[in-house]
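Take a look at the structure below.
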Amino acid sequence: LALILKPFDPWKNDLCTCPPKLSLNPYTGCSHGCLYCYATSYIPRFWECRPKAGLLEALRREARRVEHGCLICASNSSDPYPPMEKELYLTRGCLKVLKEWDNRVQVITKSDLVARDIDLLSRMRSAVSMTVTTLSSKLASKLEPGAPEPEKRLLCMETLSENGVPVSARLDPLIPSINEPDLEETIRAIALSGARHITASTYKARPDNLSRICNAFPEEGAFIKDLLKKGEHKGGTARLPEEVRREILQRAKRSCQREGLTFSACREGFDQDATSCDGSHLTLAGKGCDGSKWRRKDFSHSK
Ligand code: SF4
């Protein structure tokens, strides 16, 4: 394996508890423009989303050599469904190749465009992890200005789930005083949208993402900066104080338990009690499993 499928690299983070997996990024860079994005400090020109050259040819060569059962994750450092995927069908092309070789795939996205490929996903060993950080369209338009609004993501999760594609959600990052106060409400909506598992993570500050957050949310930014002063700093990343992270994640865990969801925390150094931290165990649920018992009817979450 060389060009397209690469061993997942958590950027040397020793708190990563992900199972072994291969990364597939059909695009370099991402146009969702999330203020808290970590990838911008590692990848040059990150906001310019561009398709990978020679992607499908390389994937056809590499997919056949993947060990049966090995997990492939699309994507870890960009979104496989940026707006240009509507015209380019690159990620869809990748799914076709991976389906042909019966590869196990987890799609991680913020885009409802993934529902377009339900015909493929429901007939392969797949699961989708949808990132939902808030229910508020207003807040999302500031935090994730280029990404589809939360309502669309929740409806997409419901559609996927009803069509037999196992769904989890990433509640990541939880940012104190910005989206953290509403985490219980967000988890309830995620559960009602058919998800089975939530992966949560507290905000980890890098100099560039912190300055974007402070510019957009001056008051909350000052509060977060004060909190970070008491937290751990390592390798250019600042974490919230341990007691703050524990308290936030305990609330998230209790809320998941109430809603019947499994829960894990990402890169926090705390004990896990889910089968996988990233929700990738759902890819083992089989093709076309039934998620229809979850319904979101009678639930309104617009703000
Ligand atoms: S979707 Fe992910 S990769 Fe893209 S800008 Fe947002 S955080 Fe960064």
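Criterion first (among the basic types (Lys, Arg), touching a residue at least 40 places away in the same chain (Cβ under 8 Å) and surrounded by fewer than 24 Cβ atoms within 10 Å (Cβ to Cβ)) does residue 110 satisfy it?
Here the answer is no, as residue 110 does not meet what is asked.
Identify, by number, the condition in (1) buried (at least 17 other Cβ atoms within 10 Å of the Cβ); (2) within 11 Å of the ligand (Cβ to nearest atom) that residue 21 doesn't meet.
(2)
Find all pairs meeting these conditions: Cβ atoms under 7 angstrom apart; at least six residues apart or on different chains; first residue within segment 31-47 and within 19 Å of residue 148 (Cβ to Cβ) and among the β-branched types (Val, Ile, Thr); second residue more than 7 Å from the ligand (Cβ to nearest atom) and assigned to a loop (DSSP other than H, G, I, E, B).
Qualifying pairs under 7 Å: none.
Of the conditions (1) surrounded by fewer than 22 Cβ atoms within 10 Å (Cβ to Cβ); (2) within 30 Å of residue 205 (Cβ to Cβ); (3) among the hydroxyl-bearing types (Ser, Thr, Tyr), residue 89 clears all except one; give me its number.
So residue 89 meets the others, but not (2).
From 31, 78, 41, which residue is within 15 Å of the ligand (Cβ to nearest atom), at pLDDT 85 or above, closer than 28 Å to residue 281 by Cβ and not basic (Lys, Arg)?
Criteria check complete, one pass: 78.
Would you say residue 258 is in contact (Cβ under 8 Å) with a residue 12 or more places away in the chain and not in a loop (DSSP other than H, G, I, E, B)?
Numbers: in contact (Cβ under 8 Å) with a residue 12 or more places away in the chain: no; not in a loop (DSSP other than H, G, I, E, B): yes.
When the stated conditions are applied, residue 258 does not pass them.
Name the one entry in 63, 58 that is away from the ligand (no atom under 13 Å from the Cβ), at pLDDT below 95, in contact with a helix residue (DSSP H, G or I) (Cβ under 7 Å, 6 or more places away or on another chain) and of a type outside the set (Lys, Arg).
63
If only one of 15, 5 is buried (at least 20 other Cβ atoms within 10 Å of the Cβ), more than 16 Å from the ligand (Cβ to nearest atom) and farther than 22 Å from residue 143 by Cβ, which one is it?
5
Here is a check on your reading of the model: is residue 72 of a type in the set (Val, Ile, Thr) and in a strand (DSSP E or B)?
Spelling it out, residue 72 is indeed of a type in the set (Val, Ile, Thr) and in a strand (DSSP E or B).
Just one of 24, 71 is under 17 Å from the mean Cα position of the chain (by Cα), within 27 Å of residue 203 (Cβ to Cβ), of a type in the set (A, V, I, L, M) and modelled with pLDDT of 90 or more; which is it?
24
If I filter segment 58-72 for residues that are under 28 Å from residue 146 (Cα atoms) and either touching a strand residue (DSSP E or B) at 6+ places or on another chain (Cβ under 7 Å) or of a type in the set (S, T, N, Q) (or both), do I get at least one hit?
Yes - at least one qualifying residue is present in segment 58-72.
Would you be able to tell me the number of residues in segment 48-69 that are in contact (Cβ under 8 Å) with a residue 60 or more places away in the chain, part of a loop (DSSP other than H, G, I, E, B) and surrounded by 15 or more Cβ atoms within 10 Å (Cβ to Cβ)?
Counting residues in segment 48-69 that are in contact (Cβ under 8 Å) with a residue 60 or more places away in the chain, part of a loop (DSSP other than H, G, I, E, B) and surrounded by 15 or more Cβ atoms within 10 Å (Cβ to Cβ) gives 1.
Residues being part of a helix (DSSP H, G or I), surrounded by fewer than 17 Cβ atoms within 10 Å (Cβ to Cβ) and either among the hydroxyl-bearing types (Ser, Thr, Tyr) or free of Cβ contacts under 8 Å to residues at least 40 places away in the same chain (or both): count how many of those fall in segment 220-245.
Residues flagged as part of a helix (DSSP H, G or I), surrounded by fewer than 17 Cβ atoms within 10 Å (Cβ to Cβ) and either among the hydroxyl-bearing types (Ser, Thr, Tyr) or free of Cβ contacts under 8 Å to residues at least 40 places away in the same chain (or both) within segment 220-245 amount to 6.
Does residue 144 satisfy the condition of being touching a residue at least 24 places away in the same chain (Cβ under 8 Å) and within 13 Å of the ligand (Cβ to nearest atom)?
yes
Checking the structure you have, find out if any residue of segment 92-110 is among the basic types (Lys, Arg) and more than 28 Å from residue 159 (Cα to Cα).
no
Which ranges mark the helices (runs of 4 or more DSSP H) fully within segment 85-201 that have 3 or more residues being at pLDDT below 95 and touching a His at 6+ places or on another chain (Cβ under 8 Å)?
none
The values are calculated or read from the model by the stated rules, or taken from the named source; none is laboratory data. On a predicted model such as this, the values are computed, not experimentally measured, just so you know. Here Cβ is always computed from backbone atoms with ideal geometry, including for glycine, and neighbour counts include all displayed protein chains.
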